[in-house]
1. What single numbered condition from (1) modelled with pLDDT of 90 or more; (2) touching a helix residue (DSSP H, G or I) at 6+ places or on another chain (Cβ under 6 Å) fails to hold for residue 91?
2. Return yes when residue 88 is over 17 Å from residue 6 (Cβ atoms), within 15 Å of the chain's Cα centre (by Cα) and not in a strand (DSSP E or B) and no when it is not.
3. Considering only residues that are surrounded by fewer than 18 Cβ atoms within 10 Å (Cβ to Cβ), touching a residue at least 60 places away in the same chain (Cβ under 8 Å) and assigned to a helix (DSSP H, G or I), which ones fall in region 24-56?
4. Evaluate region 57-72: report whether one residue or more is closer than 18 Å to residue 1 by Cα, surrounded by 14 or more Cβ atoms within 10 Å (Cβ to Cβ), in contact with a strand residue (DSSP E or B) (Cβ under 9 Å, 6 or more places away or on another chain) and at pLDDT below 95.
5. In region 95-115, which residues are surrounded by 13 or more Cβ atoms within 10 Å (Cβ to Cβ) and under 17 Å from residue 35 (Cβ atoms)?
């Protein structure tokens with residue numbers, strides 16, 4: 001069970017996710033948890049969240065960029081500062097040092113406990 005991201009693009013991808021997690025990130029984290037980076041080769045997949053999805057929320061958020069500069073980003077509604085190194089943290093907590101601004105894209109998993117997102121050109 002969980003959220004899997006599959007790279008159907010021709011270049012390697014780095015992926016980050018954000019999701020509503022009030023039990024883990026209440027208070028200063030405003031209920032949002034952010035995780036990244038998974039590096040996925042062309043044709044490969046990564047399990048980025050290994051529990052029931054719908055138990056948390058119908059809407060999840062992701063951001064990806066490829067080694068050739070292509071990006072899978074949102075429309076400006078979910079821009080967040082994230083570390084350039086691997087991370088798992090609550091929104092707004094501990095985001096220091098070498099960071100970058102990313103624009104997360106919304107993903108509607110409907111009522112699914114499992115979901116595979118295929119990133120294509």
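1. In the conditions (1) modelled with pLDDT of 90 or more; (2) touching a helix residue (DSSP H, G or I) at 6+ places or on another chain (Cβ under 6 Å), residue 91 misses (1) alone.
2. no
3. 24, 28
4. Taking every residue of region 57-72 in turn, at least one turns out to be closer than 18 Å to residue 1 by Cα, surrounded by 14 or more Cβ atoms within 10 Å (Cβ to Cβ), in contact with a strand residue (DSSP E or B) (Cβ under 9 Å, 6 or more places away or on another chain) and at pLDDT below 95.
5. 95, 99, 102, 103, 104, 105, 106, 107, 109, 115
The values are calculated or read from the model by the stated rules, or taken from the named source; none is laboratory data. Keep in mind that what you see is a predicted model, and the values were worked out from it rather than measured. Cβ coordinates were reconstructed from backbone atoms using ideal geometry, including for glycine residues, and neighbour counts include every protein chain displayed.
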